[in-house]
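**Student:** Sharing a structure with you now.
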Amino acid sequence: MPRTVSATRYVTPLREGGSLPAIVEGDDLGLYVVKFRGAGQGPLALVAELISGEIGRALGLKVPEIVLMEVDAALGVNEPDPEIRDLLKASVGLNLALDYLPGSLMFDPAARDVAAPEIASMAVWFDAFVTNVDRTARNPNLLWWHKTLYFIDHGATLYFHHNWQNLEQSALSRFPAIRDHVLLHWADLIEKADELSRARLCEKLFTDVMAQLPDAWLLPEPGALVPDDKRRAYVTYLSSRLSAASSFVEEALRARASLI
């Protein structure tokens, strides 16, 4: 299970994120990038962030530590910005936070940044698996930190959960958006990444990840009215997606062939 820390100080907002994230200090004196459940994207963004982040970690990709951040009603009392004050008020309870990486720099192909083929290939497979539309040259969501590439911002993944009626169809998606992946150019080992990923992912791992989700984030859906129903539905989706991996792998290989 992720560690739980309590927010002690709102440091500064990060205005570039649609979920209105911020740097917040925890009671362990660490700094975290917090994704608030009270933001417009709601708890589904936090669910996607945790599930995809931990799957990425299981695949060997570097993801900042994910923790649960307890926000108390007193945190925003002295905040002068009414938008931030309202956000904190709407986010009382458990939120999601990632370890802040001070001094990190955004991956930028225009600055001639490159990625190792093994990492690029695994990233392409991973993002196709979790249907991540948010790893493009325009918005890579990749950070260089201590000469290592870190993968961040997975709140837009698993977009099937915005329409649960399409769960089965979405699990079989070829994910054509992979053609816009920022690392596709360097991903010449996609088939090897597929082999490794199938060996590392399984239903038990998916079930273990779902157990980390707070009940409060798992709002009722048709056919998944209680948190455990919803956890099982996520496991079903991910297991089906893994079984159908050859489809999105084929799409990624086709997209790369047209690119180079």
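The values are calculated or read from the model by the stated rules, or taken from the named source; none is laboratory data. This one's a predicted model, so the numbers in the text were calculated from it and none came from an experiment. Neighbour counts run over all protein chains shown; Cβ positions are idealised from the backbone, glycine included.
**Student:** Enumerate the pairs (first residue in segment 106-134 and at positive phi and in contact (Cβ under 8 Å) with a residue 40 or more places away in the chain; second residue anywhere and outside any helix (DSSP H, G or I) and surrounded by 17 or more Cβ atoms within 10 Å (Cβ to Cβ)) with beta-carbon separation below 8 Å, excluding pairs fewer than 6 apart on the same chain, so at least 6 apart or on different chains.
**Tutor:** So the pair list comes out as 131/157; 131/158; 131/173; 131/175.
**Student:** Looking only at segment 65-84, decide whether some residue is at pLDDT 95 or above and part of a helix (DSSP H, G or I). Step through it out loud before you land on a result.
**Tutor:** In the first step, residues of segment 65-84 are kept if they are at pLDDT 95 or above; the result is 65-72.
Those left that are additionally part of a helix (DSSP H, G or I): none.
No, the conditions are met nowhere in segment 65-84.
**Student:** Now a separate question. Which of the residues spanning segment 184-235 are in contact with a Pro (Cβ under 8 Å, 6 or more places away or on another chain), among the aliphatic types (A, V, I, L, M) and closer than 30 Å to residue 137 by Cα?
**Tutor:** If the condition is that a residue be in contact with a Pro (Cβ under 8 Å, 6 or more places away or on another chain), among the aliphatic types (A, V, I, L, M) and closer than 30 Å to residue 137 by Cα, then 187, 189 are the ones that fit.
**Student:** Would you mind stating whether residue 153 is crowded, with 18+ Cβ neighbours inside 10 Å, modelled with pLDDT of 95 or more and either in the same structural domain as residue 250 (by TED's automatic domain parsing) or among the polar types (S, T, N, Q) (or both)?
**Tutor:** It is true that residue 153 is crowded, with 18+ Cβ neighbours inside 10 Å, modelled with pLDDT of 95 or more and either in the same structural domain as residue 250 (by TED's automatic domain parsing) or among the polar types (S, T, N, Q) (or both).
**Student:** Moving on. Taking residue 99 as the residue in question, decide whether it is among the acidic types (Asp, Glu) and either surrounded by 15 or more Cβ atoms within 10 Å (Cβ to Cβ) or modelled with pLDDT of 95 or more (or both). Working first, answer last.
**Tutor:** Numbers: among the acidic types (Asp, Glu): yes; either surrounded by 15 or more Cβ atoms within 10 Å (Cβ to Cβ) or modelled with pLDDT of 95 or more (or both): yes.
Answer is yes for this residue.
**Student:** Something else now. In segment 19-37, which residues are of a type in the set (Gly, Ala, Ser) and in contact with a Lys or Arg (Cβ under 7 Å, 6 or more places away or on another chain)?
**Tutor:** Of all residues in segment 19-37, those of a type in the set (Gly, Ala, Ser) come to 19, 22, 26, 30.
Within segment 19-37, just 19 meets the criteria.
**Student:** When residues of segment 193-212 are filtered for being more than 12 Å from residue 58 (Cβ to Cβ) and without any contact (Cβ under 8 Å) to a residue 24 or more places away in the chain, how many remain?
**Tutor:** Residues flagged as more than 12 Å from residue 58 (Cβ to Cβ) and without any contact (Cβ under 8 Å) to a residue 24 or more places away in the chain within segment 193-212 amount to 1.
**Student:** Name the helices (runs of 4 or more DSSP H) wholly within segment 197-260 that hold at least 1 residues that are within 18 Å of the chain's Cα centre (by Cα)? Outline the logic, then answer.
**Tutor:** Details: elements: 203-210, 227-243, 245-259.
Fully inside segment 197-260 and qualifying: 203-210, 227-243.
**Student:** Please verify whether residue 38 is in a loop (DSSP other than H, G, I, E, B), among the small types (Gly, Ala, Ser) and not assigned by TED's automatic domain parsing to the domain that holds residue 207, treating the condition exactly as stated.
**Tutor:** On the way: in a loop (DSSP other than H, G, I, E, B): yes; among the small types (Gly, Ala, Ser): yes; not assigned by TED's automatic domain parsing to the domain that holds residue 207: yes.
So residue 38 fits the description; yes.
**Student:** Something else now. Since residue 189 meets every condition but one in (1) in contact with a Ser or Thr (Cβ under 7 Å, 6 or more places away or on another chain); (2) closer than 30 Å to residue 230 by Cβ, which condition does it not meet?
**Tutor:** The one condition residue 189 does not meet is (2).
**Student:** Being at pLDDT 95 or above, of a type in the set (Val, Ile, Thr) and either surrounded by 23 or more Cβ atoms within 10 Å (Cβ to Cβ) or under 15 Å from the mean Cα position of the chain (by Cα) (or both): is that true of residue 130 here? Before you say what the answer is, go through the steps one by one.
**Tutor:** Values: at pLDDT 95 or above: yes; of a type in the set (Val, Ile, Thr): yes; either surrounded by 23 or more Cβ atoms within 10 Å (Cβ to Cβ) or under 15 Å from the mean Cα position of the chain (by Cα) (or both): yes.
So residue 130 fits the description; yes.
**Student:** Now for a separate question. Give the residues of segment 213-260 that are of a type in the set (Lys, Arg) and without any contact (Cβ under 8 Å) to a residue 60 or more places away in the chain, sorted by residue number. I'd like the intermediate steps shown before the answer.
**Tutor:** Filtering segment 213-260 down to residues of a type in the set (Lys, Arg) leaves 230-232, 241, 254, 256.
The answer is 230, 231, 232, 254.
**Student:** Answer yes or no: is there a residue in segment 60-67 that is over 29 Å from residue 207 (Cα atoms), crowded, with 16+ Cβ neighbours inside 10 Å and not assigned by TED's automatic domain parsing to the domain that holds residue 220. Let's see the steps before the verdict.
**Tutor:** Taking segment 60-67 first, the residues over 29 Å from residue 207 (Cα atoms) are none.
No, that holds for no residue.
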